[in-house]
1. I want to check the label-to-label distance for Glu25 and Ala88. Put each point 7 Å from Cα in the C-beta direction and report it in nm to one decimal.
2. What part of the accessible area of the chain, given as a whole %, is carbon or sulfur when the probe is 1.4 angstrom?
3. Any chance you could run the full-extension gain for Glu51 through Asn189? It's 0.36 nm times the residue separation minus the Cα-Cα distance, nm to one decimal.
4. For Ala134 and Arg38, what is the calculated FRET efficiency with R₀ set at 35 Å and r taken between the beta-carbons, to the nearest 0.05?
5. What residue among Ser34, Ser46, Ser86 has the largest mean-square fluctuation in a Gaussian network model of the chain, using Cα springs under 10 Å?
6. How much of the DSSP beta bridge set in the chain is antiparallel, as a percent to the nearest 5?
7. I'm a student and want to see the number: the projected area of the Cα convex hull of the stretch 39-191, averaged over all directions, in nm².
8. Lys pairs in the chain, Cα-Cα under 21 Å, at least 8 apart or on separate chains: how many?
Amino acid sequence: MAIRILFVDDNPSDLPTDHLKNRYERRFHAEVLSANPRDPIASALSILREEKAVTAVVTDSCDQPDLQHLSEFRKAAPHLRIALHSGALTEASRKLAIEMGADQCIDKDDVALLEKFLADAANPYEAARRQFEADLPELLAQSNLKGKWVAYNAEGWQGGPADDELTLVHQFVTSSNAREYFFARVLPNEEAVTFARPYPFSDAL
């Protein structure tokens, strides 16, 4: 499973049990990781820097009233989907969480909303899109890449640059071991970016 989802909490009993991890992994086809609850923020940052393809973080407030850790997670991995997962959400904390980099706030009692967030986070197309968008400013800074096609998956850059999409498909069929891949054109605004849906090698042959 290439996609990983990280849970962060300072209360061990609020982290997914092994049974729940296995359920999530079967249902969403994503590996579920947990930060060390003894030092959850430092542990999470270490995981984000070391593990490839962590596409989402589900985090408690971890006794951080300023929610600064949300900004730290976003800085460590700009492509992340981040959910503040708390049992004490207020309008003020929701607003602050969004300001600090969260995409969503989920009450710990709202299992349906959490599972929807996990399903969205485990979508390989969306994970690849967010990876590309996070990298786009750096790609645009390289003049030789503007207007070129690149290939991405949830782990990031996988191939290119190429002048056209078909060239990139051929490159993947002949040299890549990935089973799914995604194409994007390096252009300066999101409206001009074109994405191709993933498909397996057999469909491209």
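The values are calculated or read from the model by the stated rules, or taken from the named source; none is laboratory data. Just so we're clear, the structure is a prediction, and the values are computed from it rather than from any experiment. With ideal geometry, Cβ positions are generated from the backbone for all residues, glycine too; neighbour counts draw on all protein chains shown. Protein only, heavy atoms only, side chains kept; ligands, DNA and RNA dropped before computing areas. Shrake-Rupley method; radii C 1.70, N 1.55, O 1.52, S 1.80 Å.
1. That separation, rounded to one decimal, is 3.3 nm.
2. 47
3. So the extension gain works out to 46.8 nm.
4. 0.70
5. Evaluated over the chain, the most mobile residue of the options is Ser46.
6. Of those bridges, close to 35 percent are antiparallel.
7. Averaged projected area of the stretch 39-191's Cα convex hull equals 10.4 nm².
8. On the way: Lys21/Lys52; Lys21/Lys108; Lys21/Lys116; Lys52/Lys75; Lys75/Lys95; Lys95/Lys108; Lys95/Lys116; Lys108/Lys116.
So the count of such lysine pairs works out to 8.
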